[in-house]
Amino acid sequence: MSKEGIRINIPNLISLVRLLCVPLTVWLIINSQVLAAFWVFVFASISDALDGFIAKRFDLQTELGAYLDPIADKALLVSVFITLGQAGYLYSWLVLLVVFRDSLILVGAFLYHLIHQNLTIKPLLISKINTAAQFILVTLVLGLHGYSIVNSMIIELMVYVVAVTTLMSGAAYVGIWGMRAANAESGD
């Protein structure tokens with residue numbers, strides 16, 4: 001087989017590896033291996049930045065990667081949030097807020113695409129800030145509990161940062177898609 005026959009896209013491979021980190025991280029948290037979960041999560045977080053950098057720097061962006069990267073991020077964050085909530089490390093109200101926001105965006109995007117057949121998703125700045133805050137909160141929760149460091153003040157602060165940015169991001173998407181749907185209905 002020629003070199004042309006097998007072409008591996010490194011950023012997509014990194015995203016796939018991050019996706020595989022999801023069940024491992026969840027399993028580690030469930031089995032009280034919080035420190036190990038911390039390191040797997042840190043690896044997954046770094047891989048998120050790395051795949052984007054490589055894709056842009058070496059012009060390796062693909063349509064698959066455009067879907068795979070956010071799916072890997074959301075699968076990781078939502079799964080870990082639910083697991084940390086179930087294990088008592090995060091407030092259930094925060095877990096519900098994060099999961100509801102992501103579900104709302106997913107359902108809204110699906111319905112918009114179903115009705116209008118032309119959805120293009122470009123992450124909003126507030127959404128990027130929210131995702132970063134979620135990654136930071138999870139890293140802090142896993143790291144502080146994994147290393148038995150008691151510093152609830154910083155975690156409390158990040159809980160509220162995540163809550164506020166989650167609400168703002170969800171409202172921004174609902175507003176934007178609502179305006180797009182209204183404009184599409186009126187023929188603008």
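What number comes out for the charge environment of residue 94, summing +1 per Lys or Arg and -1 per Asp or Glu over other residues with Cβ under 14 Å away?
Net of charged neighbours comes to -1.
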Checklist outcome for this item: Stretched fully, the stretch from residue 56 through residue 167 gains (0.36 nm per residue minus C-alpha distance, one decimal, in nm) 37.0 nm
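First compute the accessible area of the chain with a 1.4 Å probe, then give the percent of it belonging to carbon and sulfur atoms. If you can, show how the numbers build up before the last one.
Working: 7900 of 11300 Å².
Carbon plus sulfur share of accessible area: 70 percent.
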Checklist outcome for this item: Check: C-alpha center the range 162-184 vs C-alpha center the range 50-67, spacing in Å is 26 Å
Checklist entry - What are the extents of the Cα atoms of the range 109-182 along their three principal axes, listed from largest to smallest and rounded to whole Å? => result 51, 18, 17
Checklist entry - Mind listing which chymotrypsin sites (Phe, Trp or Tyr not before Pro) in the range 36-115 are in a DSSP loop and have 15 or fewer other Cβ atoms within 10 Å? => result 58, 91
Checklist entry - Which value in nm describes the separation of the simple spin-label points at residue 155 and residue 176, placed 7 Å from the Cα toward the beta carbon? => result 3.3 nm
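If you place +1 on the Cβ of every Lys and Arg and -1 on the Cβ of every Asp and Glu, how big does the dipole about the Cα centre of the chain come out, in debye to the nearest 20? Write down the numbers at each step before the final one.
Details: 10 positive and 11 negative charges, 38 e Å.
In debye, rounded to 20, the chain gives about 180.
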Checklist outcome for this item: Simple SL model, points at 7 angstrom along Cα→Cβ for residue 122 and residue 71; separation in nm is 2.4 nm
Item to check | Loop-located trypsin sites (Lys or Arg not before Pro) in the range 54-119 whose Cβ has at most 13 other Cβ within 10 Å (DSSP) | outcome: none
Next on the checklist: Modelling each spin label as a point 7 Å along the Cα-to-Cβ direction, I'd like the residue 20/residue 185 distance in nm, to one decimal.
Outcome noted: 4.7 nm
Checklist entry - Given the options 102, 69, 59, which has the most mean-square fluctuation in a GNM of the chain, springs set between C-alpha atoms less than 10 angstrom apart? => result 59
Next on the checklist: Can you tell me how the range 22-118 classifies by the Cα gyration tensor, rounded, prolate or oblate, using a/c under 1.5 as the rounded cut?
Outcome noted: oblate
Item to check | Mean residue ellipticity (222 nm) of the chain, computed from DSSP H runs ≥ 4 via -39,500 (n - 2.57), nearest 500 | outcome: -28500 deg cm²/dmol
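Given a 1.4 angstrom probe, what's the average accessible area per residue across the chain, in square angstrom? Each step should come with its number before you reach the end.
Working: 11300 Å² over 188 residues.
Solvent-accessible surface per residue comes out at 60 Å².
Determine the gain in length on full extension of the stretch residue 30-residue 49; use 0.36 nm per residue of separation and subtract their C-alpha separation, reporting nm with one decimal.
Between residue 30 and residue 49, full extension yields 4.2 nm more.
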Checklist outcome for this item: Per the charge dipole of the range 2-84 (beta-carbon charges, Lys/Arg positive, Asp/Glu negative, Cα centre), the residue among 14, 71, 60 reaching farthest to the positive end is 14
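The values are calculated or read from the model by the stated rules, or taken from the named source; none is laboratory data. Remember, it's a predicted structure, so these values are computed and weren't measured experimentally. As a convention, Cβ positions derive from the backbone with ideal geometry for all residues, glycine included, and neighbour counts pool all protein chains shown. Ligands, DNA and RNA are stripped out before the accessible areas are found, and what is left, the full protein with its side chains, is counted by its heavy atoms. Shrake-Rupley method; radii C 1.70, N 1.55, O 1.52, S 1.80 Å.
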